[in-house]
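Trainee: Just dropping this structure here.
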Amino acid sequence: QVQLVESGGGLVQPGGSLRLSCAASGSIYSFYLMGWYRQAPGKQRELVATITRGGSTNYADSVKGRFTISLDLGKNTVLLQMNSLKPEDTAVYYCKGQRTTGVDWGQGTQVTVSS
């Protein structure tokens, strides 16, 4: 039973930064692909960024150059560094882990970008 727990969300001013963390209760080596998704009010859940165990990354066009996804295998964690935040980044951010046999999702963490 693998659990993914997100943390690091909160309220930030436009132009500010936040770092989201997703910790796996089991070994993060269980996943061959991990990612961050977000869902804003009134919108569908969308992909933000993904990363393979080998470090290959993929980003949504809307966050390229501002967000960075990374793995900290020693801490069993996937990170999302978010810089130059915009009000349109406001959403609940979810961590996703892809296993060979299925998918696990975290419960989400709220990010609000507002002055």
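The values are calculated or read from the model by the stated rules, or taken from the named source; none is laboratory data. For clarity, every value in this text was computed on a predicted model and none was experimentally measured. Neighbour counts are summed over all protein chains in view; Cβ atoms, including those assigned to glycine, are modelled from backbone coordinates with ideal geometry.
Trainee: Quick one: what pairs do we get from the range 70-81, first residue closer than 16 Å to residue 30 by Cα, second polar (S, T, N, Q), C-beta under 6 Å, 6+ apart or different chains?
Mentor: Final answer for the pair search is 77/21.
Trainee: Quickly run through the range 57-76 and pick out the residues that are buried (at least 16 other Cβ atoms within 10 Å of the Cβ) and at pLDDT 95 or above.
Mentor: Those that are buried (at least 16 other Cβ atoms within 10 Å of the Cβ) and at pLDDT 95 or above: 59, 63, 67, 68, 69.
Trainee: Examine the range 81-93 for a residue that is in contact with a Gly (Cβ under 7 Å, 6 or more places away or on another chain) and not in a loop (DSSP other than H, G, I, E, B), and state whether such a residue exists.
Mentor: Yes, the range 81-93 has at least one match.
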